[in-house]
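The next block holds one structure in the form of structure tokens; read it before the comments.
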Amino acid sequence: MGVRPRLVAAFAWASLSLSACEQPTSATDFVDGRVEMSEHAAFSTTLYHEDGEPTLGANIFYLRVAMPDPDVAPGLGRGVPGLDISVDATTTDGSAGMEVAAEVSYQGNGVYRVAPITFDRDGPWNMDFAISVGEIDDSVRFSFYVEG
């Protein structure tokens, strides 16, 4: 009886822990607070939008980067300060992308403000984050629809 809940919890954790290479490149509806593990599982990341949902035009996002902790839910680990983070946003078919580089600024508790991210058309988009500190280089992708 005690083994089944652990097995279910392990399966749920594994399904949330796909690497960036295995993450779907097809977009889904945007989910504010969506958690993704980084490609090499160095970080647990959570993406938020300032208004809860991206729109056409300039957008402000917040990326929380935490150390994975098996004792807490994904995304709730200790926030990581002092990271070098860059972002690129492109349509999933590669036909459009960012024309202005976004500024990334640390807000505290592992949260980084990312702005502006400008979407010039509706449809499926990828947001690719490169995250590094010291000898650690990792990345994470979030794919979602922007509606016009």
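No value in this document is a laboratory result; all are computed from the given coordinates. Quick caveat, the model's predicted, so the values are computed rather than measured. Please note: Cβ atoms are built from the backbone with ideal geometry, for glycine as well, and neighbour counts cover all protein chains shown.
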Additional length obtainable on full extension of the chain from His40 to Asp88, 0.36 nm per residue less Cα span: 15.4 nm
Residue order, fewest to most beta carbons within 10 Å, for Val35, Val65: Val35, Val65
1/(1 + (r/R0)^6) with r = Cβ-Cβ of Leu56 and Glu103, R0 = 22 Å, i.e. FRET efficiency to nearest 0.05, evaluates to 0.65
Run the simple label-point estimate for Ala130 and Thr118 please: 7 Å along Cα→C-beta, distance reported in nm. 2.2
Burial ordering of His49, His40, fewest other beta-carbon atoms within 10 Å first: His40, His49
